[in-house]
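Peer 1: Structure provided below as structure tokens; questions to follow.
The values are calculated or read from the model by the stated rules, or taken from the named source; none is laboratory data. Because the structure is a prediction, the values reported are computed rather than measured. No Cβ is skipped: glycine too gets one built from the backbone with ideal geometry, and neighbour counts run over all protein chains shown.
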Amino acid sequence: MINFSNIGRIFYGIAIAAIGILTICYRDFPYYLIPPKHQWIGDHVIVVYVLGALLFAAGAGIVFEKKPTRISLLLGTVLLLIFCFYFIPYQLTHISNYRQFGKWENAAKELALAAGALAITGRAKLKPLGVFLFALTILSFGMIHFLLAKEAGDYIPSWISHHLFWMYFTGTALIGSSIAIILKIKRRLAAALLGEMIFIWVIILHIPKTLAAPAADNAGEITSAFLAFAYCGIAFVIAGSSELAAKSPK
């Protein structure tokens, strides 16, 4: 039987390690990790290097199970603090139309990474919080697929026809899986299918986009690919933990 928990943990760890490497290579943080107004960090490249190295170390620790619970707890806490005390104030003070749902997409992406780390900890009080927050962000991404279907439809490869249909289909799948996870309706199946769907995106959408993108846009495409890979891992972790919960004696 597939061990979704281990596969998901490894996927998530690889993604975090890769984000750390990309942070070092591009001497800046990915667009979804902290808000763009962070020149106070950019002016101190050594800080970027150190934090990138720490992300790489955290990802490697999660992959190779070197104190993964402590690492995931620390990573999840830091990312959650960034969301609460950096992203939210930034959205409210720097985004004039912050009431528009779509303007919170990058903040939701960062929150999803924080939720994934909390889910990986396996701790009784933190794992449910991580699962809930991740499902909530997936719900928001599903809604964005409907709100921005026409604008984002071109992201789908040209060899796939009926772009608008697939945007709505994907949005429906995201919303349905998130609700199933939150309400514990066949949670393992919903999370496994969600992870598999996102993994397909990585293969047919993100990797080709990364290979085809010009050098100037390549950083964004690569980081987006690893972000999707992290989401895939989180979904598999939820599927695996749900399977263990179902097998445990009542």
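Peer 1: Does region 60-96 hold any residues that are within 19 Å of Ile34 (Cβ to Cβ) and assigned to a loop (DSSP other than H, G, I, E, B), and which are they?
Peer 2: Within region 60-96, Ile95 is the sole residue that qualifies.
Peer 1: Please work out if Ile203 is in a helix (DSSP H, G or I), of a type outside the set (Gly, Ala, Ser) and either over 22 Å from Gly102 (Cα atoms) or in contact with a Phe, Trp or Tyr (Cβ under 7 Å, 6 or more places away or on another chain) (or both).
Peer 2: Yes, satisfied.
Peer 1: Every residue in region 167-198 that is over 21 Å from Phe132 (Cβ atoms), buried (at least 18 other Cβ atoms within 10 Å of the Cβ) and not polar (S, T, N, Q), please.
Peer 2: Met167
Peer 1: While we're here: Find the residue count for region 51-110, including only residues that are charged (D, E, K, R) and within 15 Å of the chain's Cα centre (by Cα).
Peer 2: 3
Peer 1: Which number in (1) assigned to a loop (DSSP other than H, G, I, E, B); (2) out of contact with any helix residue (DSSP H, G or I) (no Cβ under 9 Å at 6 or more places or on another chain) marks the one condition that Ile46 misses?
Peer 2: Only one criterion in (1) assigned to a loop (DSSP other than H, G, I, E, B); (2) out of contact with any helix residue (DSSP H, G or I) (no Cβ under 9 Å at 6 or more places or on another chain) is unmet by Ile46, namely (1).
Peer 1: Still on this structure, I have one more. Give the number of residues within region 120-138 that are surrounded by fewer than 19 Cβ atoms within 10 Å (Cβ to Cβ) and either on the phi > 0 side of the Ramachandran plot or of a type in the set (A, V, I, L, M) (or both).
Peer 2: 4
Peer 1: Mind checking which helices (runs of 4 or more DSSP H) fall wholly inside region 106-195 and carry at least 3 residues that are under 14 Å from Leu80 (Cβ atoms) and free of Cβ contacts under 8 Å to residues at least 12 places away in the same chain?
Peer 2: Output list is empty.
Peer 1: Can you find, within region 140-151, the residue that is nearest to Ala115 (Cα to Cα) among those that are out of contact with any Asp or Glu (no Cβ under 9 Å at 6 or more places or on another chain) and surrounded by 19 or more Cβ atoms within 10 Å (Cβ to Cβ)?
Peer 2: Among them, the one singled out is Gly142.
Peer 1: Name the residues in region 208-226 that are in a helix (DSSP H, G or I), surrounded by fewer than 18 Cβ atoms within 10 Å (Cβ to Cβ) and either more than 18 Å from the chain's Cα centre (by Cα) or modelled with pLDDT of 95 or more (or both), would you?
Peer 2: Once the filter is applied, which keeps residues that are in a helix (DSSP H, G or I), surrounded by fewer than 18 Cβ atoms within 10 Å (Cβ to Cβ) and either more than 18 Å from the chain's Cα centre (by Cα) or modelled with pLDDT of 95 or more (or both), region 208-226 yields Pro208, Leu211, Ala212, Ala215, Ala216, Asp217, Asn218.
Peer 1: Looking at Gly61, is it of a type in the set (Gly, Ala, Ser), modelled with pLDDT of 95 or more, out of contact with any Leu (no Cβ under 6 Å at 6 or more places or on another chain) and closer than 14 Å to Leu227 by Cα?
Peer 2: When the stated conditions are applied, Gly61 does not pass them.
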